[in-house]
1. Rounded if a/c is under 1.5, else prolate if a/b is larger than b/c, else oblate: which is the stretch 409-500, with a ≥ b ≥ c the root eigenvalues of its Cα gyration tensor?
2. For the chain, just say rounded, prolate or oblate: build the C-alpha gyration tensor, square-root its eigenvalues into a ≥ b ≥ c, call rounded for a/c under 1.5, and beyond that prolate if a/b exceeds b/c, oblate if not.
3. Of the cross-linked pairs 454/610; 44/124; 394/447, which ones have a Cα-Cα span greater than 29 Å in the structure shown?
4. Pairs of Cα atoms under 8 Å, at least six residues apart: use those to get the relative contact order of the chain, whole percent.
5. Order the peptides 47-58, 493-504, 316-327 from the highest to the lowest mean number of other Cβ atoms within 10 Å of their residues.
6. Along the positive direction of the dipole of the stretch 189-258 (beta-carbon charges: Lys, Arg +1; Asp, Glu -1; about the Cα centre), which of 225, 240, 209 reaches farthest?
7. In the stretch 198-316, what % of DSSP beta bridges are antiparallel (nearest 5)?
8. Give me Rg/Rg_expected for the stretch 235-313, where Rg uses Cα atoms only and Rg_expected = 2.2 N^0.38 Å with N residues.
Amino acid sequence: MKLASELKSRIGMLLIVAVLILAGSTCHPLHAADDSVDEVIPFKIEPPFSWNRTDRYTPPDFNAFFPDDKAAGKQLDLMLEGKLKVAGIDERLALIRRGLRHCTKHRTTLLGQVGNQYIWNREKQDPRAIELMYQASASNDADIAHYALYHGPTVVKQRSANLVRMLMEQYPMLGAQMQQRIVWGMQTYGEKEQTRTLLLGLLDDFKQLDDSTIGATLETYQAVFKTEPPDLNRFDEAGLWVIGFHRDDLSATHPQAAEFLREMVEKILRTREAALLAFVTRVDQGHETAVALVKGYRQRALLVERLSKLTHVKIDFNQLFSARVLQELRLQEFVRFLPEDAPASRLPAYTRPPVDKSYACQAEDYVAPDFQSYFADDASAGKKLDQLYDNREKLTLTDHELLEAFRLGLRHSSYQPNIMLGWLSGALGWPRDPRLTEIFYQALDPKGPVEVRKAALYYGFGLGTAKTRNILRALFGVYMAPPFDDTTNRNMRSRILWSVRDHEDDKYFLSTLFAEALREHEKLSDIALQQADSAYKQLTGADPPNAEEYSSRGVYILMFGDESASTIPASKQYISQRLGDSPHILAKKHMVEKGEVSVIVLLKGTAGLKWLIKNLQTEPQLPIYFGGLLTPEMIGKAEHLQEFKKFLQVDQTKEE
């Protein structure tokens with residue numbers, strides 16, 4: 001293995017890997033080679049297509065469109081493995097149609113390929129592929145439905161009345177991300193005036209639609225065109241809407257908080273009392289938060305408009321009510337307002353957090369996370385937690401009971417922390433329970449298992465989540481704790497900095513912690529010092545105040561090409577003359593491969609690295625391939641760097 005090739009191609013390889021992942025590298029292209037299928041094309045996709053026929057509305061029907069054909073599933077697997085040649089679009093799409101139900105080779109990636117090859121960003125979009133994706137969007141398999149919708153109907157340019165109606169009928173049950181994609185697709189692809197005409201046409205026939213579809217169409221029209229549709233008074237009574245809001249001057253500890261919030265809603269709707277179907281309050285981030293279920297588009301608009309003008313009031317959400325919203329927001333009290341056939345909520349019932357409970361993450365003084373003392377060492381509790389996860393679709397627990405089961409059983413669960421903490425995060429939905437935050441906080445303990453704190457960071461403290469000073473201190477502790485390998489840097493350290501990206505106060509406070517650590521830089525290993533220095537720069541956009549004090553710390557490596565020479569002796573002579581006898585240089589190594597000479601230089605600290613980069617950027621410039629702190633991980637992956645191991649600190653090797 002050649003070091004020059006390794007380092008110069010590293011970025012290229014990463015790009016190739018990314019492309020393969022996005023394209024489904026484990027799936028072979030849809031046109032493979034070997035044996036051919038028969039010339040007869042069973043289940044060929046041909047007109048009339050449900051998605052664009054004009055004589056009647058035909059909603060997607062997964063079960064009717066995709067046959068239950070196990071043999072075709074095996075054929076499709078062979079095609080994806082490259083062992084079966086299928087020539088022609090008709091043959092390929094027909095085989096996907098016949099075999100999709102029983103295909104075992106990445107069905108979601110397959111649908112992504114169909115969309116990418118025949119629909120998305122294609123100048124001429126294939127109506128047969130659109131039909132396949134239209135029908136697949138109605139699958140009971142959530143992943144199949146998601147990928148079909150994402151890569152198909154949402155990005156069709158020549159929309160039809162049927163396609164738009166299907167999107168609006170599915171809209172209420174879709175997550176916010178897919179709802180936004182529908183809007184984005186209408187803004188980005190096709191003629192906007194055609195889209196306007198289709199949405200208005202659907203609203204003109206509103207009597208054939210249910211309230212949820214009308215509400216979805218109104219919401220989508222406003223989002224796409226930034227204005228309300230004409231003759232809005234037709235829909236004054238259409239749709240059920242859920243509005244959440246709080247006052248930033250009213251905490252959950254106030255004994256009359258819920259009463260005050262309800263009075264605000266009733267005052268706004270005082271001549272339309274019947275429009276307020278239900279009202280509850282929740283505790284979210286310490287605030288008493290009101291949730292009102294309102295009947296009618298007009299009353300919803302009125303309530304939101306008036307609340308938005310009030311001092312101290314913040315709208316937390318304002319959306320069309322559906323079974324999905326009921327589950328995500330855990331509004332079981334509103335279930336009677338859903339259709340009888342709506343799916344039941346599978347999330348734990350909401351319980352009000354105790355007012356007098358204290359949490360380490362909220363303490364005035366810093367109380368560090370303590371994994372060992374917080375999470376019980378109870379093997380039987382681990383088994384019980386696993387049983388709850390295995391039966392998660394049938395749970396009848398409250399959120400308090402589930403949280404306590406996690407605290408007792410997490411240490412001995414047989415499932416990976418990423419699975420369990422991800423489930424807990426999703427199961428509790430909204431509002432953010434302080435007891436949930438405490439579990440994530442305690443799981444950040446640097447003395448605890450690495451995989452636990454990775455999962456806690458990912459699911460507990462992402463972008464937009466409120467972070468107390470103690471949470472920020474805990475995140476700083478995670479950032480500065482070993483291991484310092486490249487995977488941890490990407491998965492944990494970069495995510496910590498990303499999580500405060502949009503909050504200036506959090507960024508500033510976190511930067512002060514790094515500045516404090518850098519003032520005592522002699523206590524840090526070279527690699528910990530480099531990480532702290534990098535974090536401060538990313539948070540502030542400036543060098544640390546005392547950067548010069550440690551600028552000679554650490555051994556840095558820089559690799560560049562010597563275009564002036566084709567042999568090692570000639571390169572040594574030129575580089576020696578160019579760099580001179582600099583005190584920044586610890587060692588040099590010259591290599592030649594296919595007539596191209598590369599040079600590796602070891603340097604003292606960031607001062608040496610900056611010096612050499614500046615030198616190489618002066619005329620005649622030499623191409624820089626790679627630069628950074630020399631680490632045990634780097635040496636372990638490159639045979640030609642083994643001789644540089646002696647330059648590493650002893651404690652740095654141990655940290656890795």
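1. Values: a/c = 1.64, a/b = 1.15, b/c = 1.42.
Here the stretch 409-500 falls in the oblate category.
2. Numbers: a/c = 2.02, a/b = 1.30, b/c = 1.55.
It comes out oblate by the Cα gyration axes.
3. On the way: 454/610 33 Å; 44/124 20 Å; 394/447 35 Å.
Over 29 Å Cα-Cα: 454/610; 394/447.
4. Numbers: 996 pairs, mean separation 52.6, N = 656.
Worked out over the chain, it gives 8 percent.
5. Values: 47-58: 14.2, 493-504: 15.9, 316-327: 19.8.
With the highest mean Cβ count within 10 Å placed first, the list reads 316-327, 493-504, 47-58.
6. Towards the positive end, the residue furthest out is 225.
7. Numbers: 19 of 19 bridges.
Percentage antiparallel, nearest 5: 100.
8. Values: Rg = 12.2 Å, N = 79, 2.2 N^0.38 = 11.6 Å.
Relative to the rule-of-thumb radius for its length, the stretch 235-313 sits at 1.06.
The values are calculated or read from the model by the stated rules, or taken from the named source; none is laboratory data. No experiment lies behind these values; they were computed from the predicted model shown. Neighbour counts run over all protein chains shown; Cβ positions are idealised from the backbone, glycine included. Each accessible area value is taken on the protein alone, full model and side chains, heavy atoms only, with ligands, DNA and RNA left out. Shrake-Rupley method; radii C 1.70, N 1.55, O 1.52, S 1.80 Å.
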